[in-house]
Amino acid sequence: MTPIRHNGSGGGPDNDAVLDAVRDCVLAVGVRRTTLADVARRAGLSRMTLYRRWPDLRSLVGDLMTREWIAVATAAMPDAAPGTGTRTRIVDGLVAGVEAFRAHPLFRKIVDVDPELLLPYVLDRRGASQEALLGLLGEALREGHADGSVRPGHAERQARTVLLTVQSFTLSLRTMTDEDDAELDSAAFLGELRALLERTLTP
């Protein structure tokens with residue numbers, strides 16, 4: 001969604017300001033206890049102004065998650081470095097991304113308080129953030145095909161397979177870890193994820 005900025009003549013709300021407001025509300029009380037009235041109050045807008053852009057709180061939270069998750073994923077991907085193949089960048093970025101997602105305050109709040117919000121994107125359909133991540137992954141994989149660092153294959157299918165893998169680590173890792181055991185703690189499993197991705201993508 002393209003942000004709409006205040007233009008001083010009654011234009012639409014600044015989307016980033018609204019998303020910041022809903023993020024603050026969700027972090028404070030969770031999604032189920034947040035209302036559009038709460039968001040409007042925190043953003044300094046009327047409820048009707050919000051209703052013109054978002055029909056309900058769920059769509060507003062969906063836009064918030066899309067913004068936050070894409071920001072995490074893009075920040076985790078390292079810049080290209082001389083002598084570093086694309087596969088290394090992809091693997092480093094994905095492992096760092098899983099770690100960053102799991103530490104993200106909004107993600108942690110939703111998983112702890114409102115996990116049902118994530119179920120449709122796990123069981124039924126792809127969301128906007130997943131589509132965006134698939135686009136980023138597909139582009140990176142095609143670069144890896146071109147420089148020979150990634151196993152040749154159908155880029156979109158590879159991207160979907162990789163996303164399925166890292167999504168499972170992001171959502172379910174804590175069900176498998178034992179943080180009191182260095183052989184079974186989060187760091188050990190992230191090492192396994194790195195090895196899995198390397199073996200999957202190496203020509």
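Coordinate-derived values only; no laboratory data. Keep in mind that what you see is a predicted model, and the values were worked out from it rather than measured. Positions of Cβ are generated from backbone atoms using ideal geometry, with glycine treated the same way; all protein chains shown enter the neighbour counts.
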Q) Does the stretch 84-203 come out rounded, prolate or oblate, given a ≥ b ≥ c as the square roots of the eigenvalues of its C-alpha gyration tensor, rounded meaning a/c under 1.5 and, failing that, prolate meaning a/b above b/c? A) oblate
Q.
How large is the direction-averaged shadow of the alpha-carbon convex hull of the stretch 15-55, in nm²?
A. 2.5 nm²
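Longest span of the chain, sites excluded, free of GluC sites (Glu not before Pro) in DSSP loop with at most 12 other C-beta atoms within 10 Å? Intermediate results must be reported in sequence, preceding the final value.
Values: sites that count: Glu179, Glu183.
Maximal segment without exposed cleavage sites: 1-178.
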Q. Binning every alpha carbon pair distance of the chain at 10 Å from zero, what are the percents per bin?
A. 8, 31, 30, 20, 10, 1, 0
Q.
Are there any trypsin sites (Lys or Arg not before Pro) in the stretch 59-168 that are in a DSSP loop and have at most 15 other Cβ atoms within 10 Å? List them by number.
A. Arg125, Arg126
Q: Output the DSSP H helices from the chain with an along-axis C-alpha extent of no less than 18 Å and a mean Kyte-Doolittle hydropathy no less than 0.5.
A: 15-29, 57-76, 186-201
